[in-house]
Each structure stands twice: as C-alpha cells, then as structure tokens.
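So the structure is just underneath, and the comments pick up after that.
The values are calculated or read from the model by the stated rules, or taken from the named source; none is laboratory data. Keep in mind it's a predicted model, so treat the numbers as computed, not measured. Note that each Cβ is placed from the backbone with ideal geometry, even for glycine, and that neighbours are counted across all protein chains shown.
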Amino acid sequence: MTALGLLCPGHSAEDDYPRIEQLLGSDIRVDLARTDAGEETRRTDALGRMGAPERLAAGVQELRHTGAEAVVWACADGSFAYGWEGAHEQVRSLARTAGMPASSTSFAFVHAIRELGVGRVAVGATYPEEVTALFADFLRADGIEVVGVHSAGGVPAAGGGARGEAEVLSLARRADRPDAEAVLLPDTALSTAAHVTTLEEELGKPVLTASQVTVWEALRLADRRVNAPELGSLFNREPVVQV
C-alpha cells in the first residue's frame with residue numbers, strides 16, 4: 001500500500017481526490033488534511049498568508065498518522081504566488097516539518113510538463129488576470145514557453161468547483177492556442193478529474209489539471225508510477241515494476 005498525503009486549503013473540489021484514488025487502484029491511498037484557507041479572495045497578499053508555514057504545519061501531524069510517504073501542498077496559487085525561489089523555500093520548509101518528501105501543485109505542473117516532454121503550453125485559469133500572470137511567470141522561470149494565457153476572472157476559490165464539464169471545457173478551449181503542445185488548468189478549486197479524457201479528446205493534446213498533477217506529483221515523490229488512462233496522457237505510462 002502506498003499512502004499519499006495532500007494538504008488542501010478548505011473544501012473546494014474535494015470530490016476530485018476520492019475519484020482519482022478509485023481510478024488509481026486498490027494499493028494506493030490518497031489522504032487529505034484540510035488547512036485554513038483564510039479569506040476567500042485571490043489577492044496576492046491573501047495567497048501568501050494561505051501558504052504560510054504555520055498554516056501548512058497544522059495539517060502535517062494528521063498526515064503523519066496516516067502513514068503518508070510523501071506530502072504535497074495541494075494549492076497552486078498558494079505556492080506560485082511566492083515566486084520561483086519562495087515556492088522552493090515553501091516546500092523545503094514543508095519537507096523539514098513533515099519529515100518526508102514534499103512538493104506543491106505549482107511544482108507538480110513543472111514536473112508534469114517535463115514528463116510529457118512538451119515545451120510550449122497555454123494556461124486557462126479562474127484567477128484574476130494578475131494572478132494568472134504570476135503562474136505564467138512561474139512556468140517561464142523554469143524555461144517553459146507560455147504561448148497563451150486566458151483568465152476567466154476572479155472567481156472565489158470556494159466557487160470554482162461548482163463548474164460542470166461544459167464550463168471546464170469552455171475554459172480549456174478559450175485557453176488553447178494552435179502552437180500550444182499542452183493546456184494547463186491550474187486551479188485546485190476546479191473539479192476536473194471526471195473530465196480529463198474528454199478535454200484531451202476535444203483539444204487533441206494533453207491537458208494538465210491541478211488535482212490530476214497534484215496526485216501524480218505525490219506518486220512521483222513516493223517512487224510510484226501508475227498507468228491510469230482515465231486520468232489523461234500524464235497517467236498513460238507504463239508503470240514501474242515494484243520490487
């Protein structure tokens with residue numbers, strides 16, 4: 001059994017993770033610990049407070065009790081808002097506190113893009129324009145070419161998960177560009193696990209979503225590779241033989 005630990009701000013899109021766990025198979029468990037999400041706003045100062053070390057540390061003990069082998073801060077804007085270096089320090093601090101490998105959704109996107117071998121991406125987010133721009137800058141800091149950015153406006157995090165398949169597909173279509181090799185939907189408050197394959201079929205290219213890459217990152221930290229085509233191109237890989 002591989003146990004994965006996720007620190008999640010609030011209760012948005014919480015149905016995504018049980019769905020992903022079910023698709024991964026019976027020997028993987030995804031455990032969630034809720035952190036204080038603070039203000040329901042996408043201002044950068046509030047995002048900084050949401051990802052503060054003391055807030056993340058509050059959920060770590062709960063994950064230790066589950067036997068988690070790795071922990072991921074399941075929040076994109078609460079990590080990339082710190083900038084490239086600040087986000088690195090955030091996960092280093094989390095790893096020290098947790099005593100296990102740690103990462104965040106922001107770095108999950110970076111690592112997933114590398115896994116797919118793509119260099120040009122388009123971004124579709126439910127953030128305000130200035131916050132979406134911070135995510136694009138975060139990707140560029142790793143040498144990733146962002147060929148298009150679409151912001152759907154400042155939807156509060158708690159409301160993001162209410163969007164259905166048609167709205168998620170519309171967001172992805174608006175974000176897509178002909179020269180983009182993949183489309184990224186970075187909001188962890190957006191329920192996407194049930195729609196990844198539909199998104200990829202409609203766009204004809206890989207689609208990376210926040211909950212999908214977050215769980216994939218936890219598996220990567222735990223040295224597990226799982227073939228689960230229902231979760232899109234990122235999971236359509238031959239699994240590593242466990243010895």
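Only a single item in (1) among the charged types (D, E, K, R); (2) at pLDDT below 95; (3) closer than 21 Å to S106 by Cβ is not met by E145, and it is number (2). Scanning region 188-207 for residues that are assigned to a helix (DSSP H, G or I) and without any contact (Cβ under 8 Å) to a residue 12 or more places away in the chain returns a single hit, E201.
Exactly one residue out of E129, E200 is over 22 Å from N227 (Cβ atoms), touching a strand residue (DSSP E or B) at 6+ places or on another chain (Cβ under 9 Å) and outside the structural domain of E85 (by TED's automatic domain parsing), and it is E129. Any residue that is out of contact with any Leu (no Cβ under 6 Å at 6 or more places or on another chain) and at pLDDT below 95 - is there at least one of those in region 177-185? Checked against the condition, which is being out of contact with any Leu (no Cβ under 6 Å at 6 or more places or on another chain) and at pLDDT below 95, region 177-185 yields no hits at all. Take the residues in region 26-52 that are modelled with pLDDT of 85 or more and over 17 Å from the mean Cα position of the chain (by Cα); name whichever of them is farthest from R225 (Cα to Cα). Here the residue is R29. The condition (being among the acidic types (D, E), out of contact with any Asp or Glu (no Cβ under 6 Å at 6 or more places or on another chain), more than 19 Å from A112 (Cα to Cα) and modelled with pLDDT of 95 or more) is satisfied by just one residue among E202, E167: E202. How many of the residues in region 220-243 are modelled with pLDDT of 95 or more, in contact with a strand residue (DSSP E or B) (Cβ under 7 Å, 6 or more places away or on another chain) and closer than 19 Å to L4 by Cα? Residues meeting the conditions: 3. Residues considered: A95, A68, A3, A76. Of these, the only one that is at pLDDT 90 or above, buried (at least 20 other Cβ atoms within 10 Å of the Cβ) and more than 14 Å from the chain's Cα centre (by Cα) is A68.
Looking at region 178-187, is at least one residue of a type in the set (D, E, K, R), within 21 Å of S79 (Cβ to Cβ), outside the structural domain of D77 (by TED's automatic domain parsing) and part of a loop (DSSP other than H, G, I, E, B)?
Restricting attention to region 178-187, the residues satisfying the condition of being of a type in the set (D, E, K, R) are 179, 181, 187.
Subsequent filtering for residues that are within 21 Å of S79 (Cβ to Cβ) retains 187.
Pick out the ones that are also outside the structural domain of D77 (by TED's automatic domain parsing) and you get 187.
Filter once more, so that each one left must be part of a loop (DSSP other than H, G, I, E, B): 187.
Yes: region 178-187 contains one or more residues that are of a type in the set (D, E, K, R), within 21 Å of S79 (Cβ to Cβ), outside the structural domain of D77 (by TED's automatic domain parsing) and part of a loop (DSSP other than H, G, I, E, B).
Rundown of residues vs (1) surrounded by fewer than 21 Cβ atoms within 10 Å (Cβ to Cβ); (2) touching a Gly at 6+ places or on another chain (Cβ under 6 Å); (3) part of a helix (DSSP H, G or I), yes/no style:
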{"position": "Q61", "(1), (2), (3)": "yes, no, yes"}
{"position": "S103", "(1), (2), (3)": "no, no, no"}
{"position": "S106", "(1), (2), (3)": "no, no, yes"}
{"position": "T132", "(1), (2), (3)": "no, no, yes"}
